[in-house]
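Below is one structure, written out as structure tokens; the observations come after it.
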Amino acid sequence: MNMTPAKLFKRRLLDDWTYQYRILRTAVDWTVAVYLIVPALIFAFIYYSAWWRTPPEWFGYIPASLVAVFLYLFAWSGTVRFFIEEADQLFLVRSEGWMPAIKRRGLLYSLALQALTTALLAGALLPLLRAEGSGGALKLAALFLAVYAAKVNLGLLRQLAALAWAGWKRVAASIVLFAAGFLIYWACVQLILAGAAAGYLAAPLLLAAAVPLSRRRLRAAGAFYPDVQREREARLKLASLMLRGIVEGKKPRQRRAPLVLGRSQRVVRGTGASAVLADSLVKSVLRRPGQWKLYAQLTAVLAFAAWRLPGPMHVVLWAVAAFVLAYWMKSVARETLGASFFRMFAWSEISKQEALRKASFALAVPGLALIGLVAGGSISLPLGIAALVLSVPAAYAAAFLVTIWY
């Protein structure tokens, strides 16, 4: 049988589906499906039908702006796959037209998959959006078309930025892209919710912008090895998620001198083993550029949500943000604690617990202070300053509670 690019792509796609199915089978056997998944789906359908007929009162406490922020985070996630393998450099590169044909099919498959996930999310959020009076069918269609256009464009731009820059420049470009994309997306959403004609035109125009971006991405030079690595990560994403905590993660790249706190200044004051360990954990987290980006993105989203929420919801979100930041920082510090360097020393369990508490507190304070300042400042400046000051004891209380169990 003569092999063609279409047949080769179909084989790779079926192999990927089979591999993902086998991974799921290792965790979801018939007992899990019968006793957990099927009842969960039945209850979800019952509640969905009830919420569609009679929306619950607590829907009214969820502002449309918070839903829009959630949709942008969804648009930021995901990737574009090209189904390129490492062995292709020996065979497909020499075959004229094969590599572009497979990459085009991979791009179209990714776009179709993103459209499907966007449609599923739209269906899941329809009861909430109908209860909030976000508009008729045309307005909701334009809203989710804007979300889909943002998801496609951001996925392509992130890969182009990764090919153009490396190191801290790539991190900076990612932060700028996240902020600029959010501003454009937010303006488009506001126009759609206001019923302006420009809003209905903005979404198709954003989707049309993906055409030249797709062509540029397909023709990008020096993209073979990054595409191979990205394809490997996408294929193993589900497996790595299920094996998290069992298999050691990727070791950070070694540097001659740290980019942050290169002179090893003390961050956590105090004496004793717990203070020394906490100081080392904080420095280790701060010296990882990937954590900066995630921390900045999460803080920016929570601060924006706090600014847009009405009335007493500011306090609720500020309290929730304290626990979210403290728990996340505890998880990051605990993962760092499992590195080979820290395992060289015989730390006691009490010292580990105290170190995690101090590290979680030190890492959560900056983000929580910014969120408190924005949340209180949206009401009045004195209240913003008060929230800024109270963020310190709030972060300590949250760090204390989340580290009660080690």
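Going by Cα centres, segment 1-47 and segment 82-101 are how many Å apart?
Taking the Cα centre of segment 82-101 as reference, the centre of segment 1-47 is 27 Å away.
Arranged from highest to lowest average of other beta-carbon atoms within 10 Å per residue, in what order do the peptides 366-376, 348-358 appear?
Ranked from most to least packed, the peptides come out as 366-376, 348-358.
For segment 63-69, what does the Karplus curve 6.51 cos²θ - 1.76 cosθ + 1.60, with θ = phi - 60°, yield as ³J(HN,Hα) per residue in whole Hz, taken in order and with x for Gly and Pro?
x, 5, 5, 5, 5, 5, 5
If you wrap a convex hull around the C-alpha atoms of segment 331-406 and split its volume per residue, what is the figure in Å³?
Convex hull volume per residue, Cα atoms: 77 Å³.
Taking a ≥ b ≥ c as the square roots of the eigenvalues of the Cα gyration tensor of segment 53-102, is the shape rounded (a/c under 1.5), prolate (a/b larger than b/c) or oblate?
Since a/c reaches 1.5 and a/b is larger than b/c, the shape of segment 53-102 is classed as prolate.
What are the ³J(HN,Hα) values, in whole Hz, obtained from phi via the Karplus relation 6.51 cos²θ - 1.76 cosθ + 1.60 with θ = phi - 60°, for each residue of segment 159-174 in sequence order, with x given for Gly and Pro?
5, 5, 5, 5, 6, 8, 10, 9, x, 5, 5, 5, 5, 4, 5, 5
Alpha carbon centre of segment 308-322 versus segment 202-243: separation in Å?
36
Which whole-number percentage describes the relative contact order of segment 1-110, with Cα contacts under 8 Å and a sequence gap of 6 or more?
Normalised by residue count, the contact order of segment 1-110 is 42 percent.
Provide the three semi-axes, in whole Å and in decreasing order, of the ellipsoid equivalent to the chain as defined by the square roots of 5 times the Cα gyration tensor eigenvalues.
The three semi-axes for the chain are 37, 31, 23 Å.
Of 169/358; 169/330; 151/237; 151/283; 237/358, which pairs sit farther than 22 Å apart, going by alpha carbon to alpha carbon?
Over 22 Å Cα-Cα: 169/358; 169/330; 151/283; 237/358.
Alpha carbons only, please: Rg and Dmax for segment 2-65, in angstrom.
20.4, 62
Run the accessible area of the chain with a 1.4 Å probe and give the carbon-and-sulfur part as a rounded percent.
68
Going by average Cβ density within 10 Å per residue, which order do the peptides 272-278, 124-130, 324-330 take, highest to lowest?
Listed from highest to lowest mean packing, they are 324-330, 272-278, 124-130.
Residue by residue through segment 328-339, what is 3J(HN,Hα) from phi via Karplus (6.51 cos²θ - 1.76 cosθ + 1.60, θ = phi - 60°)? Round to whole Hz and write x for glycine and proline.
5, 5, 5, 5, 5, 5, 5, 5, 5, 4, x, 5
The values are calculated or read from the model by the stated rules, or taken from the named source; none is laboratory data. Note that the structure is predicted; figures quoted are calculated from it, not measured. Note that each Cβ is placed from the backbone with ideal geometry, even for glycine, and that neighbours are counted across all protein chains shown. Accessible surface areas use protein heavy atoms only, side chains included; no ligands, DNA or RNA. Shrake-Rupley method; radii C 1.70, N 1.55, O 1.52, S 1.80 Å.
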